[in-house]
Amino acid sequence: MPDTILFIDDEDIVLRSCRRIFAREGMEIDMAVSGEEGLDKARRKAYDVVITDLKMPGLGGIEVLKTLRRERPETVVIVFTGYANVDTAREALKNGAFDYVPKPFTPEEIKDVVRNALRARKERGPARMLDLMAIVSHELKSPLATVQTTADTLYRGYFGKLEPGQHKIVETILRNCAYLEDVIRSYIDLSKMEIDGLESFQEGLRLGADILAGEAAVPEIRDNMKKMPVQVEIADDPRILGDPQLLKIVVRNLLNNAIKYGREGTPIRVRLDRRGGEAVLSVRNEGVGISAGDIQNRLFKRFERLKQKGTEGVKGSGLGLYICRTIVEKHKGRIWAESEPGAWAAFFVALPVSQDTGAAAA
């Protein structure tokens, strides 16, 4: 049976957009133009997911949410709103919402939330997001990006040359912004992994063209503060089966780490090749390196942070490589590191090449 979704919103343009976004997803889609109509439909039919606006004339989204959690506890409820703030997020989540999507939303944003909700429901997992994850995701990323952009503008001298002391202060701000961004991204990635289990959503793709090219061109990677050029060599780009969003997490984490622990001004060498039945990605930097003992016993473990000479001021969540390992292993791949302490470090990801040319066709 197809998944059943009910959208409740008093704006016709929102309902039409949602119907268009999910038109080819093989789902059974119903619409309601008010909270009263939506609740009536949800009482007469058991929906897998109900997505309701918060602010509507008459019966509002919170009342719809509370009623459905009481009368239809098996239904996953998501809210979307044009009034996204900490208070609305907290209230919706406290009352049992799985997640919320602020308006305006992109097709990918709402698709991701719906598929996570469906996955959680089918696995009988808890039909909710952790309050902290939702608030971090929707409320901290945007202001942090504003602070980071402003500080970077000052750092690059667009508003006039800074004195040495001022330059050092702004550099400290940028360093701490990068740390906070790492923590936010890591916890959001971790929450996604714990909800969807990583086992689904696989499609045919090319690691180089579909993942690596885009991630290497992200401004904070390409124009990084340490002026480390990212040199990408794609010797072969075989097709693999994978979740593109999760593989982006892997590549971004490896590139960020190469910058974070690399020597200023030295290149980051990224190579993609085929070795037998695997697509092998390597990310190599010059820097403090990693001891053999740490590679063997501590690397890739959850909340593990290595303390090495030369990295005293570097902060991190201790989750990035653990997340990478989990994603790679769920893709039936391998991840490992090689290093010469005091000189260089390289991380390798090997993913099985797709044998199903039909499934992997673009």
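Quick note: the coordinates plus some simple rules give every number you see, no bench work behind them. Owing to the predicted nature of the structure, the values given are computational and were not obtained by experimental measurement. Here the Cβ is made from the backbone with ideal geometry for all residues, glycine too, and neighbour counts use every protein chain on show.
Structure notes:
- Distance between the stretch 151-166 and the stretch 1-52 - C-alpha centres, whole angstrom: 51
- The residue 275 and residue 213 beta-carbon pair, evaluated with R₀ = 22 Å, returns a calculated FRET efficiency of approximately 0.60.
- Cβ-based exposure ranking for 67, 172, 75, in which fewest neighbours within 10 Å come first: 172, 67, 75
- Sorted by Cβ density within 10 Å, fewest first, the residues 80, 22: 22, 80
- Ranked by the mean number of other Cβ atoms within 10 Å per residue, highest first, peptides 322-328, 35-41, 53-59 order as 322-328, 35-41, 53-59.
- Residue 161/residue 296 FRET efficiency (R0 41 Å; Cβ-Cβ; nearest 0.05): 0.30
- About the centre of its Cα atoms, the stretch 1-92 shows a dipole size close to 160 debye [charges on the beta carbon of Lys, Arg (+1) and Asp, Glu (-1) only; nearest 20 debye].
- 19 Å Cα-Cα threshold exceeded, pairs from 111/330; 45/111; 260/332; 248/330: 111/330; 45/111; 260/332
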